Amino acid sequence: MAKTPSNMVSLGTKASKFNLLDVTIDSFKSLDELKGDKGTVIMFICNHCPYVKHVNTTIVEIAKKYQQSGIKFIAISSNDVLNYPEDSPKLMKENAIEYNFCFPYLYDETQQTAIVYDAACTPDFYVYNSDLELVYRGQLDDSRPGNNLPCDGNDLSHALNFLITNKVNEKLQKPSIGCNIKWKVS
């Protein structure tokens, strides 16, 4: 497992628009259609990464909890499916069904969305307020495959609690660690 940290994009950065295939419903969806009233969590994930497999159940639990508060969740896979066929749209849909995703799972075929978000690894988490301004980026929690720490989503939940209550989150934001995004070779 390659350990790649996320890029710590500047807080306040505006979310970039996209229109990507939602593999769960076989339809294209835009950020404007999917964003939440209170906030939006954009997660770069994939099917095969052990770091993502480690957190899938927790991200679904967190999404179910916070969607009631006007927070919408969006998962995006940007991996090169020619060299990593286990991340294909067909298998993305199967993965979404297996883990009971309660959020769209989008396929970034051109990888342009990952590039403009400066996504580096899977999983990589970005939290935006109602104005689509970045208020959190980084890890779900301190848990990693094999480190025996509980996968509880503590860091992401903390950020979401502050967003919901309109408070400034001054807690140190740590980069996520995961597999690097599998970029296409040109």
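No value in this document is a laboratory result; all are computed from the given coordinates. What you see is a predicted model, and the numbers here were worked out from it, not measured in a lab. Here the Cβ positions follow ideal geometry from the backbone for every residue, glycine too, while neighbour counts run over all protein chains shown.
The table below lists the values:
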| item | result |
| --- | --- |
| Residue list for the stretch 122-153, filter: of a type in the set (A, V, I, L, M, F, W, C) and over 10 Å from the mean Cα position of the chain (by Cα) | 132, 134, 135, 149, 151 |
| Residues of the stretch 29-70 satisfying the condition of being outside any helix (DSSP H, G or I), more than 15 Å from residue 121 (Cα to Cα) and within 13 Å of the chain's Cα centre (by Cα) | 40, 41 |
| Cross-chain or 6+ apart pairs with Cβ under 7 Å, the stretch 147-161 first and free of Cβ contacts under 8 Å to residues at least 12 places away in the same chain, then of a type outside the set (A, V, I, L, M) | 149/142; 149/143; 150/143 |
| Strands (runs of 3 or more DSSP E) (entirely within the stretch 110-186) containing at least 1 residues that are surrounded by 16 or more Cβ atoms within 10 Å (Cβ to Cβ) and touching a Pro at 6+ places or on another chain (Cβ under 6 Å) | 134-138, 177-180 |
| Residue list for the stretch 74-95, filter: in a helix (DSSP H, G or I) and either aromatic (Phe, Trp, Tyr) or in contact with a strand residue (DSSP E or B) (Cβ under 6 Å, 6 or more places away or on another chain) (or both) | 87, 89, 92 |
| Filter result for residue 100 (in contact (Cβ under 8 Å) with a residue 40 or more places away in the chain, surrounded by fewer than 21 Cβ atoms within 10 Å (Cβ to Cβ), assigned to a loop (DSSP other than H, G, I, E, B) and polar (S, T, N, Q)) | yes |
| Residue that is nearest to the chain's Cα centre (by Cα) [pool: residues in the stretch 71-83 that are crowded, with 16+ Cβ neighbours inside 10 Å and touching a residue at least 60 places away in the same chain (Cβ under 8 Å)] | 78 |
